[in-house]
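Note sheet for the following structure.
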Number of protein chains: 2
Amino acid sequence: MTSVPARRARRHDPGRRDRLVDTTLDVIAEQGVAAATHRAIARAADVPLGSLTYHFGSLTELLAAAFTRHVDAVAERFDERMRAAPDRAAALEALVEHLTGDLLGSPRDLVLAVELYVAAARDPALRAVTQDWMSRSRRSLERHLDRVTAREVDALVEGLVLHSALSTDPMDADRIRSALHRLAG
Amino acid sequence: MTSVPARRARRHDPGRRDRLVDTTLDVIAEQGVAAATHRAIARAADVPLGSLTYHFGSLTELLAAAFTRHVDAVAERFDERMRAAPDRAAALEALVEHLTGDLLGSPRDLVLAVELYVAAARDPALRAVTQDWMSRSRRSLERHLDRVTAREVDALVEGLVLHSALSTDPMDADRIRSALHRLAG
DNA sequence: GGCTCATAGGAACGAACGTACACAACGGCC
DNA sequence: GGCCGTTGTGTACGTTCGTTCCTATGAGCC
């Protein structure tokens, strides 16, 4: 009588689709793209397996949706910073802050970035997401830097992110600031 | 009578182990780490499936051997260039040459680099290979650059490689040269 | 020539995967 | 309240995977 019949999420579950996208990002961040299977995501989101193929036609479609959401968030956050900067010097400092605070401070974002890089190298659908990210990032930088410099800075930033993700001793804020100033100062 | 009985590699096959490592690199370059399965590699090398687990205790061990061989080759080639450079300016030009000629000119090396990055992000055994690569690369740069600059240049190079692998319009030699000189010139 | 052991070969196992599909449940409309 | 179409659920199928294991072979030594 006092049984607990509904151990699973409620039957009627609006917003489940959204939640699945978020959970997918969690799984990718914690276990990598290779481990982001239908079953792993379903387990993490506490929904039945069939629910995934109902909401998303294929696993690739789900992964693309997840990466798109992540890229949107990061790109928007970065552009806000660039928009808020009154001049070039402030923009560079904001970039340092973005790198040392937002990105390098969050292993999750770092891992997601690298996972996206690699997944995009093989999957054309994901490559579009990556290229969108790169072009948005460059556009944000061009608010305060000329096109050529923006491109160089973008490449340096990419390298810094990668180094931080894979190296044991990441660069600190001072070194990053000095490199950026030498490149764009 | 004129049949072709032995379609497979000879029964006695010294050097097969070496050949397997090379074939593994080929498969990774052509189809990615995710597709580098025992069966795919065995097919590509034209050896029976069991041969792989005989020579290598596990798939990870084989992948590590393959990436190690690749990193050794690239790092040695790069250090040769740095050793040959008489001064700092020549070293920078050699670096430009290394990037535009060796690396960016060869999609294979580019792809292998990115695949290694991503595989290393998850597998500790492969991370050791990546870190060895990074430290060797930095040491080669330090033949002509101070430690701090070498580190910055290394990060920029990493970013350039990644951009080239994923972007549709890679930077050309002039832009790379200009960025390097601004950072290290 | 016979023995021995490292190497070669192929079949098999259990697990995990993406996806398909038939059925259950329920909100919205009459 | 009863119908209907959307949404949710659980099972099953076929494939592929890493790995194991048993057998066959032949080169090197006596």
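For the protein assembly as shown, the per residue solvent-accessible surface stands at 47 Å², with DNA, RNA and ligands left out and a 1.4 Å probe. Interface residues of the range A:160-182, defined as those with an accessible-area decrease of at least 50 Å² between the chain by itself and the complete set of protein chains (probe 1.4 Å), are A:Leu162, A:His163, A:Leu166, A:Met171, A:Arg175, A:Arg182. A point 7 Å from Cα along Cα→Cβ stands in for B:Pro14, and the other copies hold the same point at 7.5 nm, listed in rising order. Measuring between their Cα centroids, the range A:27-51 and the range B:99-166 lie 31 Å from each other.
Decide, for chain A, between rounded, prolate and oblate: order the square roots of the alpha carbon gyration tensor eigenvalues as a ≥ b ≥ c, take rounded if a/c falls under 1.5, and otherwise choose prolate if a/b is larger than b/c, else oblate.
Numbers: a/c = 2.40, a/b = 2.30, b/c = 1.04.
Prolate, because a/c is 1.5 or more and a/b exceeds b/c.
For B:Asp46, the distances from its label point to the matching points in the remaining copies are 5.7 nm, ordered from shortest, with each point set 7 Å beyond Cα toward Cβ.
Across the identical copies, the 7 Å label point of B:Arg77, projected outward along Cα→Cβ, sits 3.8 nm from its counterparts, in ascending order.
Where does the range B:104-168 land on the Kirkwood hydrodynamic radius, alpha-carbon pairs, in angstrom? Final number for the Kirkwood radius of the range B:104-168 is 12.6 Å.
In percent, how large is the relative contact order of chain B, given Cα pairs closer than 8 Å and 6 or more residues apart? All intermediate terms of the calculation are to be shown ahead of the outcome.
Details: 150 pairs, mean separation 38.9, N = 185.
Result for chain B is 21 percent.
One chain, two ends: A:Leu59 and A:Glu93. Fully extended at 0.36 nm per residue, the span grows by 8.3 nm beyond their Cα-Cα distance. Once both labels are positioned 7 Å from their Cα atoms along Cα-to-Cβ, the gap between B:Arg43 and A:Arg175 label points is 4.4 nm. Taking a ≥ b ≥ c as the square roots of the eigenvalues of the Cα gyration tensor, the protein assembly as shown is oblate, since a/c reaches 1.5 or more and a/b is not larger than b/c.
Once B binds A, the 1.4 Å probe can no longer reach about 3400 Å² of accessible area, counting both sides. The shape of the range A:24-74 comes out oblate: with a ≥ b ≥ c from the C-alpha gyration tensor, a/c is at least 1.5 while a/b does not beat b/c. Interface burial in the range B:93-123, defined as at least 20 Å² less accessible area with all protein chains than with the chain alone at a 1.4 Å probe, covers B:Val114, B:Glu115, B:Tyr117, B:Val118, B:Ala121, B:Arg122.
In the protein assembly as shown, the portion of solvent-accessible area held by carbon and sulfur atoms comes to 52 percent [1.4 Å probe, whole percent, DNA, RNA and ligands not counted]. Between B:His12, B:His70, B:His55, find the one with the highest GNM mean-square fluctuation for chain B; connect C-alpha pairs within less than 10 Å. Its mean-square fluctuation being the largest, the pick is B:His12.
The values are calculated or read from the model by the stated rules, or taken from the named source; none is laboratory data. For clarity, every value in this text was computed on a predicted model and none was experimentally measured. Positions of Cβ are backbone-derived with ideal geometry, glycine not excepted, and every protein chain shown enters the neighbour counts. Side chains included, ligands, DNA and RNA excluded: accessible areas come from the protein's heavy atoms. Shrake-Rupley method; radii C 1.70, N 1.55, O 1.52, S 1.80 Å.
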